[in-house]
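Below is one structure, written out as structure tokens, with a few remarks after it.
The values are calculated or read from the model by the stated rules, or taken from the named source; none is laboratory data. Here the structure is a predicted model, which means the values were calculated and not measured. Cβ placement follows ideal geometry from the backbone for every residue including glycine, while neighbour counts extend to all protein chains displayed. Side chains are part of the model used for accessible areas, which takes the heavy atoms of the whole protein and leaves out ligands, DNA and RNA. Shrake-Rupley method; radii C 1.70, N 1.55, O 1.52, S 1.80 Å.
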Amino acid sequence: MLKVQEIRELIKLIDESSIDEFTYESNGTTVSMKKQGGEVVQRPVVEAQPVEQPKPQPEQPKAPAQEPAKAEAPKEESKAEEAAKDYDHEIVSPMVGTFYEASSPEADPFVKVGDKVTSDSVVCIVEAMKLFNEIEAEVSGEIVEILVDNGELVEYGQPLFRVKSV
């Protein structure tokens, strides 16, 4: 697996070159980069490793197994509905880069779950090509979920936070 610094260097080299598309494969992991509108877009792809299939078991009557499956389906739907009700807006990354929850490693995070934000509140920093870009909430409300970890690479349009409007 490539290290973050190696990926950054690759992005910089591809951005400065005339190459439009680049793919790197190693140990079952594939990293693809493609320029779109002058910017480098990175899409890490992890290929599935072959898994041994278990030997088929003799068939059993499936009537009892089907009834619980039907009972679980409404529960899954209600969980999806609840998750949709928990937030009204997603704050997304405006660029490819590295997500930082605070201005420095010693500083407190800009926001935590439960914090109130306004449309001009800074919620995180995304570093791209050695530039630190402050990301604003663009909506007033309460942070209900943080979807990425500190130091994680994020892609353009990737949801970072979920906000419940007030």
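What is the sum of charges, Lys and Arg at +1 and Asp and Glu at -1, for the other residues whose Cβ falls under 12 Å from the Cβ of V139?
Values: positive: K116, R162, K164; negative: D88, E90, D120, E136, E138, E142.
Computed value for this residue: -3.
From the cross-link list K12/K112; K34/K112; K35/K164; K3/K130, which pairs have alpha carbons spaced over 24 Å apart? All intermediate terms of the calculation are to be shown ahead of the outcome.
Numbers: K12/K112 32 Å; K34/K112 34 Å; K35/K164 34 Å; K3/K130 16 Å.
Among K12/K112; K34/K112; K35/K164; K3/K130, the Cα-Cα distance tops 24 Å for K12/K112; K34/K112; K35/K164.
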(request) Express the Stokes-Einstein translational diffusion coefficient of the range 123-166 in µm² s⁻¹, to the nearest whole number, given a Kirkwood radius over alpha-carbon pairs, 37 °C and a viscosity of 0.692 mPa s. (result) 284
(request) Lys and Arg at +1, Asp and Glu at -1: add these up for the other residues within a Cβ distance under 15 Å of K112 and post the number. (result) -3
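If DNA, RNA and ligands are ignored and the probe is 1.4 Å, what is the ranking of M33, M95 by accessible area, most exposed first? Present the calculation step by step, with values, prior to reporting the outcome.
Details: M33 0, M95 45 Å².
Largest to smallest exposure gives the sequence M95, M33.
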